[in-house]
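Heads up, the thing below is written out as structure tokens.
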Amino acid sequence: MANSTMATKEYLLSVVAAILNGQEAPTMPQELDINQFVRLAFTNAVQGMVYAAFSEKPDALPEALFTRLKKSFQAAVLRDAAQTQILSVLREQLNAADIDFLLLKGAHLKALYPAPELRFMVDMDILVREEDQPRAKEILLANGFVLDFDNGKDIVFLKKPFLTVELHRTLFQEEYRMYPYFLSVWERAALVGNHEYKMTDNDLYVYTLAHLAEHYETAGSCFRPVMDLYLMEKKLGDNLNFDYIRAQFAELGISEFAENIRKLGLCMFENAPKDDTLLLMENYVTLGPPVKNAAVAADEKLGTQSKAHRLFSAAFPSFKHMKTKYPILKKLPFLLPFFWIWRLLGYAFTKDKSLVKKREALINADQKSAEAMQKIFRQSGL
């Protein structure tokens, strides 16, 4: 890996660590690739922290880059205010409708940061019981949201200019290995209002790390969840019972990974020494996977399936998978062939760049890349 990239990564982490710990950011090295530095900040969703670090010394950055950071920070402030306002409205209306709900992730984690806009939420995640989904959906629609898509696990709603709500049925997709454990989320949560539930600090830590593990295994993680977990231990340490937490990780089968992530937070934000495994993990979550088509290559089946078999499986997913994306199949399973065709037509004629890339990745992913990804997972403890 190029020395310049490593130097950029190290400097970005030192800036973020300074902001988290109430310190002044270190002086920017003269040889730093500033464009790469800002690009990496956006990739890891910490551009607000970089802006905070340089807001009093804008001349340290090229004017165009500083302006970009400033506009992003201002948008984050506006988004946070709008999210706070709409969550207040939704809380009131869900309670009035006798709908149990539980706010997830960022709604609670942002309070751990020096300022909430430094941990801006792209979307607001709300878990609602399956039987209450239709009524909760009507409340969102009545508040000006429009339905974007339903992937079976959650329904995504948008409201211009920048509000997104994910109405969750479950915390993980049915086919994911951690799905059964988190079915008991309601029983573990505490009632904090008429109908509002909240995870305990212990269970929020467990869920945050499990959610990171899912994204890590699908090549979709940045380092922000590591930062969340680091701040939880730093700010909520007295409330966390690590005997309980470790027992849950053992049940989930992610004990080694969880311990590595805990150590990684100290490496990244307190400059603790790191071994080869922690350096690999730091590079992976900060710089991204070291192979092309990583999301497909991360699938352990890639190494055992031929390309033809892989493409066939992608074109005609199992009924179990399809019913999570198209819930109507639970009641009308005979429509499965119709939805296969509908899905294929959507992929064939889509102009959605993300779907085009996914289609190309399925075709171009190779076994060598799959082996590289599986090696990363094994060394990380997954």
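The values are calculated or read from the model by the stated rules, or taken from the named source; none is laboratory data. As the structure is a computational prediction, the values presented were derived from the model and not from experiment. Backbone-built Cβ (ideal geometry, glycine too); neighbour counts: all protein chains shown. We work out accessible area using only protein heavy atoms, side chains counted, and drop any ligands, DNA or RNA first. Shrake-Rupley method; radii C 1.70, N 1.55, O 1.52, S 1.80 Å.
For (1) modelled with pLDDT of 95 or more; (2) touching a Phe, Trp or Tyr at 6+ places or on another chain (Cβ under 8 Å); (3) more than 28 Å from residue 375 (Cα to Cα); (4) in a helix (DSSP H, G or I), each residue gets a yes or a no:
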position	(1), (2), (3), (4)
139	yes, no, yes, yes
174	no, no, no, no
182	yes, yes, no, yes
227	yes, yes, no, yes
244	yes, no, yes, yes
Please go through (1) out of contact with any Lys or Arg (no Cβ under 9 Å at 6 or more places or on another chain); (2) surrounded by fewer than 19 Cβ atoms within 10 Å (Cβ to Cβ); (3) on the phi > 0 side of the Ramachandran plot; (4) not polar (S, T, N, Q) for residue 144 and return the number of the only condition it doesn't satisfy. (1)
Failed condition for residue 135, given (1) out of contact with any strand residue (DSSP E or B) (no Cβ under 8 Å at 6 or more places or on another chain); (2) part of a loop (DSSP other than H, G, I, E, B); (3) open to solvent by 30 Å² or more (accessible area, probe 1.4 Å), with all others met? (2)
Let me spell it out: the conditions are (1) within 23 Å of the chain's Cα centre (by Cα); (2) open to solvent by less than 10 Å² (accessible area, probe 1.4 Å), and residue 54 meets all of them except one. Which number is the exception? (1)
Does residue 251 satisfy the criteria of being within 23 Å of residue 280 (Cα to Cα) and either of a type in the set (A, V, I, L, M, F, W, C) or in contact (Cβ under 8 Å) with a residue 12 or more places away in the chain (or both)? no
Considering only residues of the range 153-169 that are open to solvent by 30 Å² or more (accessible area, probe 1.4 Å) and not basic (Lys, Arg), which is nearest to residue 77 (Cα to Cα)? 162
When you scan the range 182-191, do you find a residue that is of a type in the set (Phe, Trp, Tyr) and buried (at least 18 other Cβ atoms within 10 Å of the Cβ), even just one? yes
Could you give me the residue pairs with C-beta distances under 7 Å whose first residue belongs to the range 200-229 and is at positive phi, whose second residue is surrounded by fewer than 24 Cβ atoms within 10 Å (Cβ to Cβ) wherever it lies, and which are 6+ apart or on separate chains? 219/289; 219/294; 219/295; 219/298
Filtering the range 268-286 down to residues that are over 17 Å from residue 379 (Cα atoms) and surrounded by fewer than 19 Cβ atoms within 10 Å (Cβ to Cβ) yields 270, 271, 272, 273
With the requirement that a residue be of a type outside the set (S, T, N, Q), more than 21 Å from residue 378 (Cβ to Cβ) and over 10 Å from the mean Cα position of the chain (by Cα), what does the range 199-222 give you? 199, 201, 203, 204, 205, 206, 207
When the range 149-161 is checked residue by residue, the ones that are in contact (Cβ under 8 Å) with a residue 12 or more places away in the chain and part of a strand (DSSP E or B) are 150, 154, 155, 156, 157, 158, 159
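Here is a yes/no grid of residues against (1) touching a strand residue (DSSP E or B) at 6+ places or on another chain (Cβ under 8 Å); (2) farther than 20 Å from residue 178 by Cα:
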residue	(1), (2)
191	yes, yes
237	no, yes
253	no, no
268	no, yes
Across the range 18-56, the tally of residues that are over 18 Å from residue 69 (Cα atoms) and in contact with an Asp or Glu (Cβ under 9 Å, 6 or more places away or on another chain) stands at 1
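When the residues of the range 268-310 are narrowed to those that are modelled with pLDDT under 70 and outside any helix (DSSP H, G or I), which ends up nearest to residue 234 (Cα to Cα)?
The residue in question is 304.
So, in the range 38-67, exactly how many residues are under 30 Å from residue 123 (Cα atoms), not small (Gly, Ala, Ser) and not in a loop (DSSP other than H, G, I, E, B)?
Residues meeting the conditions: 15.
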If you go through 170, 208, 164, the only one that is β-branched (Val, Ile, Thr) and assigned to a loop (DSSP other than H, G, I, E, B) is 170
Which members of the range 1-37 meet the condition of being closer than 20 Å to residue 115 by Cβ and not in a loop (DSSP other than H, G, I, E, B)? 12, 13, 14, 15, 16, 17, 18, 19, 20
Search the range 1-25 for residues that are in contact (Cβ under 8 Å) with a residue 60 or more places away in the chain and pair each with any residue that is in a helix (DSSP H, G or I) and among the hydroxyl-bearing types (Ser, Thr, Tyr) when their beta-carbon atoms are under 9 Å apart and the residues are at least 6 apart or on different chains. 9/286; 12/286; 13/286; 20/230
